[in-house]
Amino acid sequence: MTTQTIQVSTAAGLMSALASATGGETIQLAAGNYGGVYLYQYNFAQKVNIVGGTFSSIQVVSSNGLNFEGTTVNFVPDATSTSNSQGVRVYLSQNINFNNSTVVGGLSVNGVDPSAASGDATGNVLGYPVGKGVNFENSSFCSITNSDVSVFAKGITITGGHDYLIDNNTIHDLRTTPISGSVTSNLTISNNHTWDSHPWQFGTQDHGDRIHVWTNGTPISGLVIANNYLDQGAGDPMLGIYLDDNGAGMGFTNAVISGNTLIDGTGQGVLLENVTGTVSNNTLIWSGTGTQANNSPRFDINAGSDHINFTDNTGNVSIQTGSTFLNFVRQTGMIAEDATMSSADRDTITIDYMVITAHNSYALNATTSDLYFQGGIGDFVGTGNTLANHIVGSTGNDTLTGNGGADYLEGKTGNDTYVVDNLSQVIYDSGGTELVKSKISWTLQTGLENLTFIGTGSATLAGNAAPNIIIGGGGADRLIGNGGADTLQGGLGNDTYVIDNLGQKITDTGGTDTIEASLNWTLQSGIENLTLTGAAVFATGNTSANTLRGNGLNNTLDGKTGADSMYGGAGDDIYIVDNAGDKVFEVVAGIDSGGFDTVKTALASWTMAAGVEVLTYTGSAAFTGTGNTLNNTISGGAAIDTLNGLAGDDKLIGNAGDDKINGGAGSDTLTGGTGNDTFIFYRGEAYSDSITDFNGRISTVGDSIELRGWGTGSTFTNIAGTNFWVIHDGLDGYEEYISVTGGVDPSDWSFTQSVTSVVAPAAAVMPMSVLALDTQGVDLTSVAATETDLVLATSDTPDLSSVLDDSVDQTDMFPDDSAQAAQQVTEDAGTFDPAVPEAAAAQGHDGGRDGVWLPFANADHHVPYHHA
């Protein structure tokens, strides 16, 4: 099998592609008309797909395994066309399918005048549609689905064969019958919509049915006609569904006619000849043609039909002599029996329902299944039992209670109340404002307005597209509006409201409640929590302490004045913070939710939570903003701001005002903006920081640089010809660099909080043992034995041949200097290679721990090393 796609632009190319195909290919036809094609003996075990293309006709003969997708057939009648001309013909073939296709015919240019008393050999009538749209002959396992057939004498026809599917097609603007034919077995006609047929001199010339199936020498089994919508439309009345025994006595076994709707203006809606099977859920409606009494479609059951179960059909019934063992359940309409029927035949016909005419309240006993209220006056209270009841009210404000079974409850007109307690219960209502009282979780079907929970515990209550009133109980209920401008009332529990319409209103009387909104939403008073779903991006709280949750999109969460908890989730989220008690969660259970997230606040002070990247001050007063370990962007306002970046490569922007800006650890970019700003650099945190807009003190005002925590005697000098400045510690020679854009005067910088000694940080602060010092110009011949040996970075070549230690737990450090790389150091009885950690067996372990320092490339300027 292959999945190759073959591009074709000509009829010859199509034939060539089919000739070379082995099965499984897709032949993609370019736009254009490929004329009439005749496909003979193309057989594939794996279907070949023919996609697109426009044809004047298609004939498939003695072939197998072709699938036409999106095909268009434009059949144009000419002087040679007859009533048997065909847009599509499938003959002696198997597994031929048409899907999503369009077959269009045209009007006759030959034939008799419409006023003629009879037809001619062509079978055509001038100005009427010609031929057959799609014709299957003596084939099997073929189908036409999701397609449109129009402007033919007949729509889809079948002659012989078996296993056909005609599904979900639109068939219209015909001369006569949309779907007709005969098979030996297994024909499914489902979900089709037909309308606008115009028979020529109906009754005397054309015979027309919406669906006509007949026997042809053998009984037909496996016939299913289901869920079709057969509409007279702007056309003329015709018969509806006709199962025609053709006078042969063969009949139809186990036929299924279900879920069809017929709108027509003739008396024969469904005509059954010699049929057994099931007829259910069909609705026959008068189209308005003629008089209702004479032209309302009905069910006609002719002689030979027996063992048919009629269930839930709408329409009058006419039973002819010779029909037996018919069972009617919930049949709406009059049932008339032929006056000539024998009493024995009559006894085989059962009608399973109870009619109540005199009482306004009735409860079924344990064995009766159905209850009807007909002819009574006022409101009816009908109560079922544990069976699957059929309870039907009348024109009043009825109350119908199913009582546990899989019931059918029908209130008809009036403002009815339905009490339900079984998910299989079905409500049908034809008017008024209805209330469903449910003891279980329930969803309102179309046409019902209100829902109240009367059970115990918690329930899920869902509305429909109409404006519903949904009321919960005392439990933690879930109320779902489902599109209408609904009123939702949860009751006392911790309820959840699912919102999808801005017109929805929530009334809550207690508990801690949550809204799940698929559109932008603001919490009303009394509701605590809001979770965004779907395409919603804005969540706004109220004055309570709310919990707001995003949905993975780029959300904006604004808790308003309460001490709120906000969870953005994935996406680039914005948090509006206006209460010091607000909490922002981008890291949950140690996992960062992701995205590039921003906090906007007008508070006087804010420290960024883990996982948030941007902090923007939106107020007008003084502000203190503190970052986190990420690479933050922190922006101040127009007043005096204090911005602290902490760890990470931060961008700090003071904007207007005399700001204090401290990048903290990391390579930070500092922008003061307007105002006389102070840039603060602590020892150990200034390395590679930069100031982008330094404006020094021309007289006594301007920006300033404050260097904190450096030893006495430290210096701050510019590297000539660059923007780089070196901070040199006067105690240990430790150096860091910063970049300053703008002129710096000696009066612009100062050392504050100076220290007089340098102490190595404790292990708990940083995993280190010594501090590297710059001793350029000094040669060392030995280092005294100490807990940690200090080897100093130098541009000279020190003699390190006799470094001794005291056999204690220590780290011996050596510079990463090309001049020293090959030097071997004698350490007790062994040697030490500065390129690798010591191994006891290889290098004569002295009882201590030895390590390697890999400092920066510039050997004269280093930071503390790691513990090996």
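Since every read-out is calculated from the coordinates, none of them should be taken as a lab result. Quantities reported herein were computed from a predicted structural model and do not represent experimental measurements. So basically every Cβ, Gly included, is an ideal-geometry build from the backbone, and we count neighbours across all protein chains shown.
Computed values, structure above
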{"item": "Lys, Arg +1 and Asp, Glu -1 on Cβ, resulting dipole of the range 565-719 about Cα centre, debye, nearest 20", "result": "380"}
{"item": "Cα principal axis extents for the range 514-587, largest first, Å", "result": "26, 24, 14"}
{"item": "Rounded to 5, the percent of DSSP beta bridges in the range 586-656 classed as antiparallel", "result": "10"}
{"item": "Full-extension gain in nm, residue 538 to residue 285, via 0.36 nm per residue minus C-alpha separation", "result": "86.2 nm"}
{"item": "DSSP beta bridge pairing in the range 546-598, given as percent antiparallel to the nearest 5", "result": "15"}
{"item": "Within straight-line cross-link reach of residue 651, lysines at Cα separation under 19 Å, skipping those fewer than 8 residues along the same chain", "result": "600, 660"}
{"item": "Cα-centred dipole magnitude for the range 514-587, charges only on beta-carbon of K, R (+1) and D, E (-1), debye, nearest 20", "result": "120"}
{"item": "R0 of 41 Å, Cβ-Cβ distance residue 454-residue 256: FRET efficiency to nearest 0.05", "result": "0.60"}
{"item": "Estimated dipole of the range 221-351 in Debye, rounded to 20 [Cβ of Lys and Arg +1, of Asp and Glu -1, Cα centre]", "result": "260"}
{"item": "Amide hydrogen neighbours beyond the local backbone of residue 708, cut-off 5 Å, H modeled", "result": "681, 682, 683, 752"}
{"item": "Cβ-derived FRET efficiency at R0 56 Å, residue 466 paired with residue 303, nearest 0.05", "result": "0.75"}
{"item": "Residue order, fewest to most surrounding Cβ atoms within 10 angstrom, among 212, 728", "result": "728, 212"}
{"item": "Extended-chain gain in nm, criterion 0.36 nm per residue less alpha-carbon gap, residue 4 and residue 100", "result": "32.4 nm"}
{"item": "Sorted peptide list for 255-264, 60-69, 114-123, criterion being average Cβ within 10 angstrom, highest first", "result": "255-264, 60-69, 114-123"}
{"item": "Order by protection proxy (mean Cβ within 10 Å, highest first), peptides 203-209, 472-478", "result": "472-478, 203-209"}
{"item": "Spacing of the two label points (7 Å from each Cα toward its C-beta) at residue 33 and residue 561, in nm", "result": "7.5"}
{"item": "Positive-pole candidate from 532, 585, 557, dipole of the range 514-587, charges at beta carbon", "result": "532"}
{"item": "Residue exposure sequence - 726, 279, 149 - by fewest surrounding Cβ within 10 Å", "result": "726, 279, 149"}
{"item": "Spin-label pair residue 386/residue 56, simplified geometry with 7 Å Cα→Cβ offset, distance in nm", "result": "7.3"}
{"item": "Residues with amide H under 5 Å from that of residue 490, placed H, sequence gap 5 or more", "result": "472, 507, 509"}
{"item": "Segment residue 731-residue 715, length gained on full extension (0.36 nm per residue, minus Cα span)", "result": "4.7 nm"}
{"item": "Protection proxy ranking, peptides 565-572, 710-717, 429-436, average beta carbon neighbours within 10 Å, highest first", "result": "565-572, 429-436, 710-717"}
{"item": "Simple label model, 7 Å out from Cα along Cβ direction - residue 327 to residue 191, nm", "result": "3.0"}
